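Undergrad: Take a look at this one; I'll ask things after.
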Protein chains: 2
Amino acid sequence: MRLSRYFLPILKENPREAEIVSHRLMLRAGMIRQQAAGSFSWLPLGKRVLDKVCRIIREEQNRAGGQEILMPTIQSADLWIESGRYNDYGKEMLRIRDRQDRAMLYGPTNEEMVTDIFRAYVKSYKDLPLNLYHIQWKFRDEVRPRFGVMRSREFLMKDAYSFDLDFEGARAAYNRMFVAYLRTFERMGLKAIPMRAETGPIGGDLSHEFIILASTGESEVFCHSDFLDLPVPGPDVNFEDDAEIAGIVERWTAPYAATDEMHDEAAWADVPEGKRLSARGIEVGHIFHFGTKYSKPMKATVTGPDGQEHFVSMGSYGIGPSRLAAAIIEASHDEAGIIWPQSVAPFDIALINMKAGDSECDRICEELYAGLTAAGCEVLYDDTEGRAGAKFATADLIGLPWQVIVGPRGVAAGEVEVKNRATGARETMPVGAVVGRFGARP
Amino acid sequence: MRLSRYFLPILKENPREAEIVSHRLMLRAGMIRQQAAGSFSWLPLGKRVLDKVCRIIREEQNRAGGQEILMPTIQSADLWIESGRYNDYGKEMLRIRDRQDRAMLYGPTNEEMVTDIFRAYVKSYKDLPLNLYHIQWKFRDEVRPRFGVMRSREFLMKDAYSFDLDFEGARAAYNRMFVAYLRTFERMGLKAIPMRAETGPIGGDLSHEFIILASTGESEVFCHSDFLDLPVPGPDVNFEDDAEIAGIVERWTAPYAATDEMHDEAAWADVPEGKRLSARGIEVGHIFHFGTKYSKPMKATVTGPDGQEHFVSMGSYGIGPSRLAAAIIEASHDEAGIIWPQSVAPFDIALINMKAGDSECDRICEELYAGLTAAGCEVLYDDTEGRAGAKFATADLIGLPWQVIVGPRGVAAGEVEVKNRATGARETMPVGAVVGRFGARP
């Protein structure tokens, strides 16, 4: 993509309304625009990040056996009356009357609807386990939306729902999502730590929040520093092997970890002093087993191997991709701007023409742009007429992993400079070596 | 994907509520489920089709210079008051009050919001032309939603918006979208014919509906049969060459074509008798130049080369991917079910194990499943225990382009049968030839 044609409205000033760094940087980098309280448009650069975040989520959900569907945003109130949540859910639910005066709502979550889908079609334990997920916009009418897309009213959510014959099956389903989440966050360059969360009236220990460590995090968290070295399972992890998956969950839940609310001073005291890590964290995912909470009132049953009807045992598993885009920035930025992990970077390389209009600089840039693109790299080519200093600042701000810098002096010597955005390391190399350097993909 | 694990709720009975064939087949094939009046969930098979439709749309929008953004579904009423449409838009607009009693609405379209984005950032003609599009859910509260996803209340829409300095620029932008639409529908296996549409108070000739011919179409259309042979531009068409693009538009608007409303008996009489094609059609896209209709009231201006402020000249360009999934079925089905064009088929191949449990059939199927998948084919492997007849019926119903049929008798002879869903042609071939037959992708 040529920057001269790309809609990238960089802001020079720090927007006053932004209280946190991700909000500030997303506005400044032209990723998002606020449309109303807690409501944002995603501009081209932001949309690319959101798509990459969603792709990773999708790949890991599919790998773990999830099947993607897509439920509508507007729901009938009837299902929520059936589950008993229509009155419980307070003012956060956006309630709507259609032209026939039917009670509708903008879905804040989809337990009811997916249970309705399930009970319409699935009748036998033979069709289990089943995990259905979708990535769809949700609306929660918060009193005070803030922090940009980190806590907006309209937000994108991946919500998965598992259906099993009994608790043992549900636990295995829960474990698969647990491991899928470890992989998902790892692939985005995040260090996510699962922490036990409230289970409410359901009880049990099957509720975890995934918290990433970021100095600007919203809440305080406490964990054993062993988490930092625990290996995340690779792509070859066998989701069909319940024991293998349970083993991973066991290892990832053994060391102490707790959010502020769940913190236990006594258990914390048992962690060796040099191993106590107390830090700021941001919740990026939540998985939850709720058993028959919805299947009972909504009569979602299957016939078991015993010939009897059983209420299915369910769980739900959420990740907010729009929130995640901001959380990644919270975890990865510096004074100059965003530092994208490769996997979610909107482009791989910023190709910077220090002197657009200079025939040699232009020629080398065109050559590199074509060559890198052909090699499978996603390149944002700054072919604009601005000053070199402003171009460097923009490249640092939008945080692409690599900068390939083409200037008159280097070109005269047949060389360009390559800068790693994360480390700041610079390397001078012959023009002819650049495409090979970044290979099939950098 | 193994059918034994795939959530594909096939219906044996014809659903009574379905009035048209696409609605009936989408319900029967387990593609969609109705959630409320005019509101549908997309089940796994349907979601795959919707994704492929969107991907083609996106690729062609990008090729023609469009840039993808994503605007929220919920809009503030303020923008619509500013444009003057808040009161004009009748009961089809879903109006909402949030907890602060602010007037909101579920976007039925996005001219206002995109104009707001534009005016916030773009100040100079040097940043034009600009085309921003998004693929987002819309809601129109129709009195009588029907025909499944063909006319639903919540529906997916790709809406693009072009911004230009003057009419000449806007016309070139319009032409690019015209050609992009020709390519988009062609890639989906559709014969789409652009027909002049009402321009209302704007006037001029820059409004076209793209109509596909389908015997079950919603309206009558009239056109010169030369359209059937007009070549659609290939992927190498040069969208940067305004003259080339204008030439294509000229060729595609020269022969007579009109919907019922725009039909002109006198002009029709001038079409040679043997060339008159009157048929049923379905609208699948609409492109529209509306000049300064929104830029004026909303004060969206740029500085021109003359140093003066100019209201930008705009157009909008819509395709409904959810509607399109149904329209493709209307255009391509038979008694037995759907016949997917390759490009939007949910899977490429139905691999049918006629006798699951038979060790030789199982072994050959596993071998083919692995081999075809490795070769890049998307395979739905029917490994269930059902009768062969029911499996054939399901494969025909869901309409994958190819069936690879593995039965005990063939396997004993080292052979399988390959059936083309569209033509019904069958071919017997050695097991070892199958993967090669479908190559990198069938």
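Undergrad: Return a yes/no flag: does segment B:64-71 have any residue that is modelled with pLDDT of 95 or more, more than 8 Å from chain A (Cβ to nearest Cβ) and either part of a strand (DSSP E or B) or surrounded by fewer than 22 Cβ atoms within 10 Å (Cβ to Cβ) (or both). It would help to see each step written out before you state the result.
TA: Taking segment B:64-71 as the starting set, the residues that turn out to be modelled with pLDDT of 95 or more are B:64-71.
Cutting the leftovers down to more than 8 Å from chain A (Cβ to nearest Cβ) gives us B:64, B:66.
Those left that are additionally either part of a strand (DSSP E or B) or surrounded by fewer than 22 Cβ atoms within 10 Å (Cβ to Cβ) (or both): none.
Checked against the condition, which is being modelled with pLDDT of 95 or more, more than 8 Å from chain A (Cβ to nearest Cβ) and either part of a strand (DSSP E or B) or surrounded by fewer than 22 Cβ atoms within 10 Å (Cβ to Cβ) (or both), segment B:64-71 yields no hits at all.
Undergrad: B:ALA120 passes all but one of (1) crowded, with 22+ Cβ neighbours inside 10 Å; (2) within 8 Å of chain A (Cβ to nearest Cβ); which number fails?
TA: B:ALA120 satisfies every listed condition except (1).
Undergrad: Checking the condition without any contact (Cβ under 8 Å) to a residue 40 or more places away in the chain and within 14 Å of chain A (Cβ to nearest Cβ), which residue from B:ARG140, B:ARG176, B:ARG153, B:ARG144 passes? Before you say what the answer is, go through the steps one by one.
TA: Values: B:ARG140 fails: without any contact (Cβ under 8 Å) to a residue 40 or more places away in the chain; B:ARG176 fails: without any contact (Cβ under 8 Å) to a residue 40 or more places away in the chain; B:ARG153 fails: without any contact (Cβ under 8 Å) to a residue 40 or more places away in the chain.
The match here is B:ARG144.
Undergrad: Of A:TYR161, A:TYR125, which residue is touching a residue at least 40 places away in the same chain (Cβ under 8 Å), of a type outside the set (S, T, N, Q) and within 26 Å of A:GLN75 (Cβ to Cβ)?
TA: When all the criteria are applied, what remains is A:TYR161.
Undergrad: Assess whether A:TYR6 counts as being surrounded by fewer than 22 Cβ atoms within 10 Å (Cβ to Cβ), of a type in the set (Ser, Thr, Tyr) and within 8 Å of another protein chain (Cβ to nearest Cβ). Let's see the steps before the verdict.
TA: Details: surrounded by fewer than 22 Cβ atoms within 10 Å (Cβ to Cβ): yes; of a type in the set (Ser, Thr, Tyr): yes; within 8 Å of another protein chain (Cβ to nearest Cβ): yes.
Yes; evaluated as a whole, the condition is true for this residue.
Undergrad: Would you point out which residue out of A:ALA160, A:ALA103 is more than 9 Å from every other protein chain (Cβ to nearest Cβ), among the small types (Gly, Ala, Ser) and closer than 23 Å to A:ALA327 by Cα?
TA: A:ALA160
Undergrad: Looking only at segment A:87-104, how many residues end up being more than 22 Å from B:PHE139 (Cα to Cα) and more than 29 Å from the chain's Cα centre (by Cα)?
TA: Here the count works out to 1.
Undergrad: Kindly provide the set of residues from segment B:72-84 that are more than 8 Å from every other protein chain (Cβ to nearest Cβ) and either polar (S, T, N, Q) or in contact with a Ser or Thr (Cβ under 7 Å, 6 or more places away or on another chain) (or both), ordered by number.
TA: The one that is more than 8 Å from every other protein chain (Cβ to nearest Cβ) and either polar (S, T, N, Q) or in contact with a Ser or Thr (Cβ under 7 Å, 6 or more places away or on another chain) (or both): B:SER83.
Undergrad: Looking at the structure I just gave you, is A:ARG95 free of Cβ contacts under 8 Å to residues at least 40 places away in the same chain, facing chain B (nearest Cβ under 10 Å), of a type in the set (D, E, K, R) and in contact with a Leu (Cβ under 6 Å, 6 or more places away or on another chain)?
TA: yes
Undergrad: Considering only segment A:12-41, state which residues are within 23 Å of A:GLY318 (Cα to Cα), within 12 Å of chain B (Cβ to nearest Cβ) and in contact (Cβ under 8 Å) with a residue 12 or more places away in the chain.
TA: Result: A:ILE32, A:GLY38, A:SER39, A:PHE40.
Undergrad: For segment B:11-38, how many residues are crowded, with 22+ Cβ neighbours inside 10 Å and not hydrophobic (A, V, I, L, M, F, W, C)?
TA: Qualifying residue count for the region: 3.
Undergrad: Specify the residue that is nearest to A:SER332 (Cα to Cα); the eligible residues are those in segment A:193-219 that are of a type in the set (Gly, Ala, Ser) and in contact with a Ser or Thr (Cβ under 8 Å, 6 or more places away or on another chain).
TA: The selected residue is A:SER219.
Undergrad: What number of residues in segment B:188-204 are surrounded by fewer than 19 Cβ atoms within 10 Å (Cβ to Cβ) and in contact (Cβ under 8 Å) with a residue 12 or more places away in the chain?
TA: Number satisfying all stated conditions: 7.
Undergrad: Looking only at segment A:419-440, count every residue that is more than 10 Å from A:TRP402 (Cβ to Cβ), within 29 Å of the chain's Cα centre (by Cα) and either free of Cβ contacts under 8 Å to residues at least 12 places away in the same chain or surrounded by 11 or more Cβ atoms within 10 Å (Cβ to Cβ) (or both) and tell me the total.
TA: Adding up the residues that qualify gives 3.
The values are calculated or read from the model by the stated rules, or taken from the named source; none is laboratory data. Just so it is clear, the model here is predicted, and its values are computed rather than measured. Because the Cβ atoms are built from the backbone with ideal geometry, glycine has one as well, and the counts that use them run over all protein chains shown.
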